[in-house]
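The values are calculated or read from the model by the stated rules, or taken from the named source; none is laboratory data. Since we're looking at a predicted model, the values are computed, not measured. Every residue, glycine among them, receives a Cβ derived from its backbone with ideal geometry; neighbour counts consider all protein chains shown.
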Amino acid sequence: MLGLGLNITKSPLMTSFEDPESISDLLSWWRYEYGYRNTSGTLRDITTTFPADDTNLRQWDDQVSGNHMVQITGSDQPRSVAADNSINFKNNAKYYSLLYPLTLTDYTIIVLCKFAGSPSVISNRTFFGGDGPPSDGVSDDLIRIVNPTQINFNYSGASIIINGLTTLAVDTYYVFTFTREDALTAVYVDGVLWGSVTEVLPVGIFYIRNVGANDPESQNYRGHWKDVTIFDRALKTFEILNMNTYLQAL
């Protein structure tokens, strides 16, 4: 896989790890090369025939709980990239909605992805959002890259700002790990702690409805995703390293 600079040597804790299902409290897994459905609902993935470039994808199947990413509007459907079997949130109109919105307090979300090269400087790209139609005017940026060194989170309307230790670049695959335990929110990039912040109580909830992310402020993701997992707790450090080892092999 291109772009990952972290070289992890397996420890004894990693020897039995095979995939995300080996870790407890896994809520959802949108799996690399699996579960892609075209506009007719026909399965197109590694088990059949992966679609050619720019084939619209109406759905990405959740391999764990059936909470599929769905987009019924053709003009808003993400597309496939056959060269690296990724999902391309091509521009501001491309996003998915979850079949069943998630309400989380403590969590871990891991996304293997890269930012598209245009514009060449990363700004305002939303991973996940929580509002309904864009016309409602509600802030949608639950996890948003503000610029190459800042990621914002939104818990029940409260903004959390994390400033990172490294500068993120376009056209580079990263493993982003977003975790929250009690009042501590942290971001790991390629298995290394990138930044964290302790919130001022009370702790709010995280309501995820959209992926990519139907943002009313035109701050959608714009880039490629390969694999996504959501856990109903904050993973331990060794579990985060296990996940990065697994994702590096994709």
Could you please let me know if I151 is assigned to a strand (DSSP E or B), surrounded by fewer than 20 Cβ atoms within 10 Å (Cβ to Cβ) and of a type in the set (V, I, T)? no
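Would you point out the residue of segment 138-148, among those that are assigned to a loop (DSSP other than H, G, I, E, B) and of a type in the set (A, V, I, L, M), that is surrounded by the fewest Cβ atoms within 10 Å (Cβ to Cβ)?
That would be V138.
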Hey, can you tell me all the residues within segment 153-185 that are polar (S, T, N, Q), within 13 Å of F206 (Cα to Cα) and under 15 Å from the mean Cα position of the chain (by Cα)? T179
Do you know which of the residues in segment 1-45 that are aromatic (F, W, Y) and modelled with pLDDT of 90 or more is nearest to R58 (Cα to Cα)? Y36
Filtered residues of segment 137-192 (kept if at pLDDT below 95 and of a type in the set (F, W, Y)): F153, Y155
For K236, the lone unmet condition from (1) among the charged types (D, E, K, R); (2) out of contact with any strand residue (DSSP E or B) (no Cβ under 9 Å at 6 or more places or on another chain); (3) closer than 22 Å to V81 by Cα is (3)
So, R209, is that one at pLDDT 95 or above and among the charged types (D, E, K, R) or not? no
Would you check if there is a residue in segment 188-207 being touching a Pro at 6+ places or on another chain (Cβ under 9 Å) and touching a residue at least 40 places away in the same chain (Cβ under 8 Å)? yes
Inside segment 93-106, can you point out the residues that are surrounded by 18 or more Cβ atoms within 10 Å (Cβ to Cβ) and not in a strand (DSSP E or B)? K94, Y95
Scan of segment 52-88 for residues that are assigned to a loop (DSSP other than H, G, I, E, B) and surrounded by fewer than 18 Cβ atoms within 10 Å (Cβ to Cβ), ordered by number: A52, D53, D54, T55, V64, S65, G66, I72, T73, A82, A83, D84
Unmet criterion (only one of (1) buried (at least 19 other Cβ atoms within 10 Å of the Cβ); (2) under 26 Å from Q248 (Cβ atoms); (3) not hydrophobic (A, V, I, L, M, F, W, C)) for G129: (2)
